[in-house]
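Visitor: Let me give you the structure first, and then I'll get to my questions.
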Amino acid sequence: MEAGVACKLNYPTWIESERFGRNSTGSLRFSRIAKQEHKARLVVSAHFPVLTSSNRFRSVSFEVSCSSSKNFSASTIETGSVHAPYDEALVLKNKSLEVEPYLNGHSIYLVGLMGSGKTTVGKILSNVLSYSFCDSDVLIEQEVNGMSVAEVFKLHGERFFRKKETEVLQRLSSKKQLVVSTGGGAVVWDVNWDYMQKKGVVVWLDVPLEALAQRIAAVGTHSRPLLHYEHGDPYTKALKRLSYLLELRGKNYAKANARVSLKGKLGYRDVSGLTPTEIAIEALQQIEGYLKEEGGMVIAGL
């Protein structure tokens, strides 16, 4: 994950000027016994930029340099890499604090194909930002007396559902501090973009089709009405329909203000190893990048 995380450590201490040890983890081991005449006041500085991350650890490179009060020139005395514990929750919180001044209470609308994790990631974002979470599909179900989305499609058709979806987005557009998980087809109608971008930032969760098909096949396709048009086993049905929908909606998804590309931006071949929190962190990163740009700040009314 390309999170711009780096820390610097300045560690002033007395060490023996002629001898110091180095252990395999890459940190300096200073001699405890040093003669007074051989001591020098040194400032040791270490720089740790993050290279790669996994679910529990991050690989970082480091460079340690030192300089002394006796006018010795600064020199590099240690380089290498370490495998360090990675606190997802802390990184998420820190990133949210960086983004908040730019976001300034504007809502976040998550778009993407079915199964892309909009609801799961949306709840994580709403929690860390202290926003309210809304699922547009759930709000539609509430309006039709608890009827499921699949039932709405079956009894009333897709057009009826899309009209209800637009009505929901219109109401939400007047509010701030929301994270909204939208339906996969919300991007098709242009009027929905007007509502989502009125006081919000739209983020596309772009997940490889194979990964989406695996997710959907694992939980079943009965709740996905648009998959009922295909034949075959659950994975094949999902992959065929998702491919068709992406071809149909791809240009619409590309209108999003920010994009989280699990295969491209995050560089993972097997995205199943990514946690929802890591995806949420990347979403905040992309939102921040968009809002820092002049055009993004104008559109968001900042």
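The values are calculated or read from the model by the stated rules, or taken from the named source; none is laboratory data. Given the structure is predicted, the values throughout are model-derived calculations rather than measurements. Heads up, the Cβs are rebuilt from the backbone with ideal geometry, glycines too, and the neighbour counts pull from every protein chain shown. What goes into the accessible areas is simple: the full protein's heavy atoms, side chains included, and nothing from ligands, DNA or RNA. Shrake-Rupley method; radii C 1.70, N 1.55, O 1.52, S 1.80 Å.
Visitor: Restricting attention to the range 161-214, report how many residues are hydrophobic (A, V, I, L, M, F, W, C) and in contact with a His (Cβ under 8 Å, 6 or more places away or on another chain). Walk me through how you get there before you give the answer.
Guide: First, pick out the residues of the range 161-214 that are hydrophobic (A, V, I, L, M, F, W, C): 161, 168-169, 172, 178-180, 186-189, 191, 193, 196, 201-205, 207, 209, 211-213.
Filter once more, so that each one left must be in contact with a His (Cβ under 8 Å, 6 or more places away or on another chain): 201.
Residues meeting the conditions: 1.
Visitor: OK, next. Residues to consider are L92, L97, L110; find the one that is modelled with pLDDT of 95 or more and under 20 Å from M196 (Cβ atoms). Let's see the steps before the verdict.
Guide: Numbers: L92 fails: under 20 Å from M196 (Cβ atoms); L97 fails: under 20 Å from M196 (Cβ atoms).
Only one candidate passes the filter, namely L110.
Visitor: Let me ask another. Given the criteria crowded, with 16+ Cβ neighbours inside 10 Å, of a type in the set (S, T, Y), modelled with pLDDT of 95 or more and touching a Leu at 6+ places or on another chain (Cβ under 7 Å), does T182 qualify? Spell out how you get there, then give the answer.
Guide: Details: crowded, with 16+ Cβ neighbours inside 10 Å: yes; of a type in the set (S, T, Y): yes; modelled with pLDDT of 95 or more: yes; touching a Leu at 6+ places or on another chain (Cβ under 7 Å): yes.
The answer is yes for T182.
Visitor: If I filter the range 160-167 for residues that are of a type in the set (S, T, N, Q) and within 22 Å of R259 (Cα to Cα), do I get at least one hit? Reasoning before the result, please.
Guide: Initial filter on the range 160-167 (of a type in the set (S, T, N, Q)): 166.
Add one more test, that the residue is within 22 Å of R259 (Cα to Cα), and what stays is none.
Within the range 160-167, none of the residues are of a type in the set (S, T, N, Q) and within 22 Å of R259 (Cα to Cα).
Visitor: Find all pairs meeting these conditions: Cβ atoms under 7 angstrom apart; at least six residues apart or on different chains; first residue within the range 136-147 and in contact (Cβ under 8 Å) with a residue 40 or more places away in the chain; second residue open to solvent by less than 60 Å² (accessible area, probe 1.4 Å) and assigned to a loop (DSSP other than H, G, I, E, B).
Guide: Every condition considered, the pairs that remain are S136/T182; S136/G183; S136/A186; D137/G183.
Visitor: Which condition number in (1) surrounded by fewer than 20 Cβ atoms within 10 Å (Cβ to Cβ); (2) at pLDDT below 90 is the one that G289 fails?
Guide: Failing condition for G289: (2).
Visitor: Determine which single condition L284 fails, assuming it passes every other condition in (1) modelled with pLDDT of 90 or more; (2) hydrophobic (A, V, I, L, M, F, W, C); (3) open to solvent by 70 Å² or more (accessible area, probe 1.4 Å).
Guide: Only one criterion is unmet by L284, namely (3).
Visitor: Could you list all residues from the range 159-202 that are assigned to a helix (DSSP H, G or I) and hydroxyl-bearing (S, T, Y)? Reasoning before the result, please.
Guide: Filtering the range 159-202 for residues assigned to a helix (DSSP H, G or I) gives 159-172, 190-196.
If the condition is that a residue be assigned to a helix (DSSP H, G or I) and hydroxyl-bearing (S, T, Y), then T166, Y195 are the ones that fit.
Visitor: Could you say which residue among R241, R259 is part of a strand (DSSP E or B), modelled with pLDDT of 60 or more and not hydrophobic (A, V, I, L, M, F, W, C)?
Guide: Working: R241 fails: part of a strand (DSSP E or B).
Only one candidate passes the filter, namely R259.
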